[in-house]
Amino acid sequence: MKTVIKVLVGASLLAASAATASAATLADVKAKGFLQCGVNTGLAGFSAPNDKGEWTGLDADFCRAVAAAVFGDGTKVKFTGLSAKDRFTALQSGEIDILSRNTTWTVNRDTALGFNFAGVTYYDGQGFMINSKKLEGITSTMQLSGAAICVQAGTTTELNLADYFRSNNMEYNPVVFEKFEEANAAYDAGRCDAYTTDQSGLYGVRLQMASPNDHVVLPEIISKEPLGPAVRQGDDQWFDVVKWTYYALLNAEEAGITQANVEEMKNSANPDIKRMLGSEAETKIGTDLGLTNDWVVNVIKATGNYGEIFERNVGSGSPLKIARGVNALWTKGGLQYGMPIR
Amino acid sequence: MATQDVTEDIRPAKASFLYDPRVRSLFVQAVVILLLVLGIWWIVDNTLLNLRRSNITTGFGFLRGRSGFDISDRLIEYSSDGTYGRALVVGILNTLLVAVTGIVVATIIGFLVGIGRLSNNWLIRKIATVYVEVFRNIPPLLVILFWYQGVLALLPNVRGSYVLPFNSFLNSRGFYLPRPVWGDGAWLVLAGLIVGVALSYFVARRAKARQAATGQQFPVFLTSLALIIGLPILGFILSGMPLTFDLPQKGAFNLTGGLNVKPEFLSLLLALSFYTAAFIAEIVRAGIQGVSRGQTEAASSLGLSSGQSLRMVVIPQAMRIVIPPLTSQYLNLTKNSSLAVAIGYPDLYAVGGTILNQTGQAIEVVVIFMVVYLSISLLTSLLMNWFNAKMALNER
């Protein structure tokens with residue numbers, strides 16, 4: 001019933017809000033005094049409440065970075081946990097200012113749904129997980145013909161799954177749940193033979209299983225899943241703020257600016273770093289964005305650079321231990337490339 | 001102000017038309033309708049404006065698009081190449097299926113428990129009371145989750161399936177039954193059934209007319225039973241027994257073939273039936289108790305047995321009390337079926353939600369939800385009102 005209410009509220013907000021839709025989100029956020037950020041209800045490594053009730057993860061930290069850019073304070077964020085189904089209505093209706101919820105960038109979402117994606121904070125792909133105790137001898141997704149597969153409703157995963165089995169002429173039996181937690185529980189209880197979602201998600205889900213070591217992630221990746229933050233279309237200023245916060249995180253990593261050394265870096269002789277950190281004389285980069293000139297300093301102080309966020313939440317500093325892979329900087333053979341701040 | 005002039009021209013002697021109650025009430029109603037139309041127009045216009053401003057496409061054209069997702073429980077042919085419209089139809093049919101079977105099962109359980117509440121047997125009476133108090137005091141969602149996670153999920157896995165008679169299996173993936181496959185000439189069986197039902201109807205009418213005229217009774221029930229069962233069997237034998245069974249077989253992962261009743265459907269059906277049956281039981285009890293004791297006494301003084309008096313005197317009168325609130329319970333059951341989304345049964349609400357997410361057409365999909373649920377509910381009400389009118393006392 002909660003979702004019914006959410007959808008109805010979303011729809012009625014769309015129906016009734018006379019002015020919010022295309023108004024200046026940046027001014028609204030500043031007036032409100034905090035950033036309303038839509039995140040996953042509980043995906044380890046991306047956004048999940050910890051034992052103190054604080055939201056942690058890569059997606060949650062990205063919102064903190066945006067809040068730091070706007071307010072100079074990364075704690076001025078309020079998080080809204082959203083299911084895959086509710087997320088788009090929440091952003092369309094203005095319930096949230098930014099959707100940072102492992103959401104795949106697709107042309108349909110960019111156009112028909114009326115969003116803009118600010119970048120790709122995590123390059124992912126869809127994979128499958130099985131219980132190797134129950135299904136011995138399965139080493140490839142091509143052996144899954146006839147299997148019951150748990151999947152979350154309203155995701156690109158659900159669509160890729162249909163396409164993949166269709167194009168390989170395999171049968172399957174989809175068991176579709178609205179909530180991530182419901183799908184996890186059903187898979188753990190043995191309702192399905194396999195579980196499918198983004199591969200990063202599979203590692204997170206595996207940790208939540210009753211006995212994680214029984215489950216293996218199959219090697220195939222069947223789709224491209226570029227995950228990134230989205231904002232409403234038609235508000236270029238706010239889009240710029242979010243986009244350049246993302247580039248700032250990448251450029252900071254490239255320049256070696258970290259949470260620990262950002263203060264001393266302000267005095268660096270390197271003109272690139274000085275420009276980025278707003279210590280260049282007569283700089284207007286920050287104010288042109290509608291922010292203060294030390295916005296990058298605030299962002300890095302709040303969350304660290306992209307590499308730090310990654311390692312802390314999903315990389316070596318986390319239980320997930322995911323390697324950087326394609327998410328490494330372009331200078332290290334990955335795909336993450338920050339546009340120049342100048 | 002033209003009307004005023006006209007009024008004054010025609011009836012100059014009368015008091016001002018402002019004091020005419022008919023004119024006043026017309027005026028008030030006109031203003032209310034005007035405000036309503038303006039209000040709706042404002043909402044629609046504002047919505048369209050905002051949707052345009054947020055660059056969201058509007059209209060129902062999206063229903064013709066390729067859906068791209070699969071649905072496991074379906075009554076009609078559907079694949080991911082089908083349209084969103086067809087996916088919605090699959091969802092609507094699933095909702096209807098669970099609603100209709102749920103109504104049947106809930107009615108049966110409800111009547112049994114309701115009569116049990118009035119039983120002379122202490123144990124039966126107490127069991128019925130406990131049943132009613134437990135199920136009507138738990139939210140329906142919890143009952144659904146209880147059946148899904150607390151009962152059906154705990155069944156053994158595929159390899160350890162319970163083997164039931166007639167090649168049926170029960171495991172955590174649901175209930176597997178042999179699927180009947182009809183061959184050539186199977187229409188004779190159906191024809192036998194139709195003829196049997198039609199004949200029974202005429203027999204019943206004739207028997208009633210004869211009893212009214214002569215007082216002689218005819219064993220209508222047994223004759224009808226023989227006709228309805230016997231004629232299809234005759235057709236079956238005549239056409240050379242054109243029936244084979246598709247038996248569930250062990251596949252690589254699941255049992256394949258046969259008829260699979262999935263645990264999602266089963267738990268939803270059981271939960272909705274058990275939940276609603278608790279309310280129906282109370283309605284039935286109230287209905288029976290609402291028939292005055294004098295009626296039963298009068299019936300027995302006429303020499304009717306207790307069974308006859310229940311069937312011919314008490315129940316017809318109780319039905320008049322029972323049917324109106326029963327209709328509300330049927331409507332509740334239908335609407336509660338949207339809770340299916342919690343356990344992944346692809347009913348209208350679950351499928352519609354996926355479409356909403358895929359296309360972003362929130363308002364259109366919510367409108368479809370409202371129209372479909374409203375239509376189903378109105379149709380149920382219509383049927384039940386017709387039934388009620390048929391059962392009502394014909395006062396002369």
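The values are calculated or read from the model by the stated rules, or taken from the named source; none is laboratory data. Please read all numbers here as calculations on a predicted model, not as lab measurements. In this analysis, Cβ positions are derived from the backbone assuming ideal geometry, glycine residues included, and neighbour counts consider all displayed protein chains. SASA here: full protein model, heavy atoms, side chains in, ligands and nucleic acids out. Shrake-Rupley method; radii C 1.70, N 1.55, O 1.52, S 1.80 Å.
Please give the number of the condition A:Gly137 fails out of (1) surrounded by fewer than 23 Cβ atoms within 10 Å (Cβ to Cβ); (2) farther than 20 Å from A:Thr196 by Cβ.
Looking at each condition in turn, A:Gly137 falls short on (2).
Whether any residue in segment A:310-328 is surrounded by 14 or more Cβ atoms within 10 Å (Cβ to Cβ) and of a type in the set (Phe, Trp, Tyr) is what I want to check.
Checked segment A:310-328: at least one residue is surrounded by 14 or more Cβ atoms within 10 Å (Cβ to Cβ) and of a type in the set (Phe, Trp, Tyr).
What are the pairs with Cβ atoms under 6 angstrom where one residue, in segment A:255-266, is without any contact (Cβ under 8 Å) to a residue 24 or more places away in the chain and part of a helix (DSSP H, G or I) and the other, located anywhere, is surrounded by 16 or more Cβ atoms within 10 Å (Cβ to Cβ) and not aromatic (Phe, Trp, Tyr)? Sequence gap at least six, or different chains.
A:Ala255/A:Ile273; A:Met265/A:Ile257; A:Met265/A:Ile273
Residue-by-condition table, conditions (1) open to solvent by 100 Å² or more (accessible area, probe 1.4 Å); (2) away from every other protein chain (no Cβ under 14 Å); (3) touching a strand residue (DSSP E or B) at 6+ places or on another chain (Cβ under 7 Å); (4) part of a strand (DSSP E or B):
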{"position": "B:Tyr148", "(1), (2), (3), (4)": "no, no, no, no"}
{"position": "B:Leu152", "(1), (2), (3), (4)": "no, no, no, no"}
{"position": "B:Val181", "(1), (2), (3), (4)": "no, yes, yes, yes"}
{"position": "B:Asp184", "(1), (2), (3), (4)": "yes, yes, no, no"}
{"position": "B:Ala191", "(1), (2), (3), (4)": "no, yes, no, no"}
{"position": "B:Ile194", "(1), (2), (3), (4)": "yes, yes, no, no"}
{"position": "B:Ala198", "(1), (2), (3), (4)": "no, yes, no, no"}
{"position": "B:Arg205", "(1), (2), (3), (4)": "yes, yes, no, no"}
{"position": "B:Ala212", "(1), (2), (3), (4)": "no, yes, no, no"}
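Using the structure shown, decide if A:Lys133 is part of a loop (DSSP other than H, G, I, E, B), among the basic types (Lys, Arg) and within 18 Å of B:Gly353 (Cβ to Cβ).
no
How about segment B:55-69: which of its residues are open to solvent by 30 Å² or more (accessible area, probe 1.4 Å) and facing chain A (nearest Cβ under 7 Å)?
B:Asn55, B:Thr57
Pairs please, first residue from segment B:233-246 and on the phi > 0 side of the Ramachandran plot, second anywhere and surrounded by 13 or more Cβ atoms within 10 Å (Cβ to Cβ) and outside any strand (DSSP E or B), Cβ atoms under 7 Å, 6+ apart in sequence or on different chains.
Sorted first by the residue in segment B:233-246, then by its partner, the pairs are B:Gly240/B:Gly185.
Quickly run through segment A:169-182 and pick out the residues that are touching a Ser or Thr at 6+ places or on another chain (Cβ under 8 Å) and either within 7 Å of another protein chain (Cβ to nearest Cβ) or not aromatic (Phe, Trp, Tyr) (or both).
Passing the criteria: A:Met170, A:Glu171, A:Asn173, A:Pro174, A:Val175, A:Val176, A:Glu178, A:Lys179, A:Glu181.
So is A:Thr258 within 14 Å of chain B (Cβ to nearest Cβ), in contact with a helix residue (DSSP H, G or I) (Cβ under 9 Å, 6 or more places away or on another chain), farther than 26 Å from A:Ala27 by Cβ and not charged (D, E, K, R) or not?
Here the answer is no, as A:Thr258 does not meet what is asked.
For segment B:67-88, give me each residue that is more than 25 Å from B:Arg173 (Cα to Cα) and in contact with a Phe, Trp or Tyr (Cβ under 8 Å, 6 or more places away or on another chain).
Those that are more than 25 Å from B:Arg173 (Cα to Cα) and in contact with a Phe, Trp or Tyr (Cβ under 8 Å, 6 or more places away or on another chain): B:Ser67, B:Tyr84, B:Arg86.
If only one of B:Ser80, B:Ser25, B:Ser72 is more than 14 Å from every other protein chain (Cβ to nearest Cβ), hydroxyl-bearing (Ser, Thr, Tyr) and either over 22 Å from the mean Cα position of the chain (by Cα) or assigned to a loop (DSSP other than H, G, I, E, B) (or both), which one is it?
Answer to the selection: B:Ser25.
Which number in (1) in contact with a Gly (Cβ under 7 Å, 6 or more places away or on another chain); (2) free of Cβ contacts under 8 Å to residues at least 60 places away in the same chain marks the one condition that A:Tyr187 misses?
Every condition holds for A:Tyr187 apart from (1).
Which of the residues belonging to segment A:166-191 are more than 21 Å from B:Asn157 (Cβ to Cβ), assigned to a loop (DSSP other than H, G, I, E, B) and open to solvent by 30 Å² or more (accessible area, probe 1.4 Å)?
A:Asn168, A:Asn169, A:Lys179
Residue by residue through segment A:140-165, note down the ones that are part of a strand (DSSP E or B) and open to solvent by 10 Å² or more (accessible area, probe 1.4 Å).
Of everything in segment A:140-165, just one residue is part of a strand (DSSP E or B) and open to solvent by 10 Å² or more (accessible area, probe 1.4 Å), namely A:Gln152.
Which of the residues belonging to segment A:192-244 are polar (S, T, N, Q), open to solvent by less than 10 Å² (accessible area, probe 1.4 Å) and assigned to a strand (DSSP E or B)?
A:Thr196
Looking at the structure I just gave you, is B:Arg52 of a type in the set (Lys, Arg) and surrounded by 12 or more Cβ atoms within 10 Å (Cβ to Cβ)?
Yes: the conditions hold for B:Arg52.
Residue by residue through segment A:293-304, note down the ones that are part of a loop (DSSP other than H, G, I, E, B) and open to solvent by 10 Å² or more (accessible area, probe 1.4 Å).
The answer is A:Asn293, A:Asp294.
Any idea which residue in segment B:20-44 is nearest to B:Thr58 (Cα to Cα), counting only those that are surrounded by 10 or more Cβ atoms within 10 Å (Cβ to Cβ) and of a type outside the set (A, V, I, L, M, F, W, C)?
B:Gly39
Filter segment A:133-150 for residues that are of a type in the set (Gly, Ala, Ser) and within 11 Å of another protein chain (Cβ to nearest Cβ); which is nearest to A:Leu218 (Cα to Cα)?
Among those that are of a type in the set (Gly, Ala, Ser) and within 11 Å of another protein chain (Cβ to nearest Cβ), it is A:Gly137.
List the helices (runs of 4 or more DSSP H) that sit entirely inside segment B:262-371 and contain at least 2 residues that are open to solvent by 40 Å² or more (accessible area, probe 1.4 Å).
Correct list: B:263-290, B:293-301, B:306-309, B:315-336.
State yes or no: is B:Val143 surrounded by 19 or more Cβ atoms within 10 Å (Cβ to Cβ), at pLDDT below 95, out of contact with any Pro (no Cβ under 7 Å at 6 or more places or on another chain) and of a type in the set (Val, Ile, Thr)?
Here the answer is yes, as B:Val143 does meet what is asked.
Considering only segment B:83-124, state which residues are under 22 Å from B:Pro325 (Cβ atoms), over 14 Å from the mean Cα position of the chain (by Cα) and part of a helix (DSSP H, G or I).
B:Ile109, B:Gly110, B:Phe111, B:Leu112, B:Val113, B:Gly114, B:Ile115, B:Gly116, B:Arg117
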